[in-house]
Each structure stands twice: as C-alpha cells, then as structure tokens.
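The structure appears right after this line, and notes come after that.
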Amino acid sequence: MRVKRGFKARRRRKKVLNRASGFYSANSRSFSIAAEKVDRAMAYEYRDRRVKKREFRKLWTQRINAAARLNGTTYSRLMGALKKANIDIDRKVLSDMAIQDKAGFTALVHKVLPS
C-alpha cells in the first residue's frame with residue numbers, strides 16, 4: 001500500500017523554503033537546491049557568530065593602538081602599564097574612550113605611564 005507523506009513533509013519543506021526566501025533564483029524556489037543553500041548558510045551563520053567577536057576585538061585593538069600612538073606610546077606598552085597599575089578596563093571601553101573622550105584617554109595614558 002502506498003503511503004503519502006502528508007503534512008509533515010510539506011511542513012519540513014516549507015520551513016526550508018521560508019529560510020531560503022531572499023536567495024537568488026532556484027536557490028529560493030527549488031527545495032533540493034534550497035536545502036543545500038540553507039544548510040551552508042546556517043553553517044556560516046554559526047561560524048560567524050564566533051568570528052564577529054574576533055573581528056570586534058581586532059577593531060578595538062587597532063583603535064586603542066592609534067590613540068596610544070597619538071599619545072607617544074604603543075598598544076602593548078599601554079596595555080602592560082594598565083595591567084601593572086591594576087586598572088581593569090576592557091578593550092571595548094578603552095576603544096570607545098579613545099574615540100569619544102580623547103582628553104580622558106590622554107589623562108589615563110599619562111596616569112599609567114611615567115613619562
């Protein structure tokens with residue numbers, strides 16, 4: 001006796017095609033192609049949630065380094081001096097301070113560095 005898959009198969013396909021909406025051409029219309037593209041997209045999505053954290057930390061480091069060099073030091077010397085002085089400010093806050101509050105950042109640099 002032939003068994004039709006019924007609503008469960010339709011529900012599964014619909015879920016995949018809804019996730020693929022916005023993809024180009026058959027990637028959003030053909031179930032078999034859309035299923036591959038959605039799997040790949042979800043793999044990138046999972047990976048990039050972790051990559052985003054790395055990218056932001058790199059950006060903050062670059063901003064802190066640029067601001068530190070304007071104050072006559074380098075990133076590594078500044079971070080070492082902050083650690084030695086037991087000043088526990090994370091890179092996100094330091095980066096924001098370097099952009100928004102240049103005077104405060106300069107004061108912090110002069111406080112932790114002897115020269």
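FYI, it's all coordinate maths here, none of it is from the lab. This is a predicted model, so every value here is computed, not measured. Neighbour counts run over all protein chains shown; Cβ positions are idealised from the backbone, glycine included.
Which whole-number percent is the relative contact order of the stretch 8-112 (Cα, under 8 Å, 6+ apart)?
19
Taking a ≥ b ≥ c as the square roots of the Cα gyration tensor eigenvalues, with a/c under 1.5 meaning rounded and otherwise prolate when a/b beats b/c, else oblate, which class fits the chain? Show your work: numbers first, answer last.
Values: a/c = 5.30, a/b = 4.16, b/c = 1.28.
Verdict is prolate for the chain.
For the chain, with only Lys/Arg (+1) and Asp/Glu (-1) charged at the beta-carbon, what is the dipole magnitude about the Cα centre, in debye rounded to 20?
Working: 31 positive and 9 negative charges, 270 e Å.
Rounded to the nearest 20 debye, it is 1300 debye.
Helix 7-19 sits at what angle to the longest principal axis of the chain, using alpha carbons and giving 0 to 90 degrees rounded to 10?
Between helix and principal axis, roughly 40 degrees.
How would you order 54-63, 72-81 from highest to lowest mean count of nearby Cβ atoms within 10 Å? Mind dumping the intermediate values first?
Details: 54-63: 13.5, 72-81: 15.8.
Going from most to least packed, we get 72-81, 54-63.
Using Cα atoms only, what is the angle between the long axis of helix 102-112 and the major principal axis of the chain, expressed in degrees (0 to 90) to the nearest 10?
Relative to the chain, helix 102-112 is tipped by roughly 60 degrees.
What is the angle, in °, between the Cα long axis of helix 91-100 and the longest principal axis of the Cα atoms in the chain? Nearest 10 is fine, range 0 to 90.
Computed tilt is about 70 degrees.
Once the other residues with Cβ under 14 Å from the Cβ of Ser25 are scored (Lys, Arg +1; Asp, Glu -1), what is the net sum? It would help to have the intermediate numbers written out before the result.
Numbers: positive: Arg29, Lys37; negative: Glu36.
Combined, the nearby Lys, Arg, Asp and Glu give +1.
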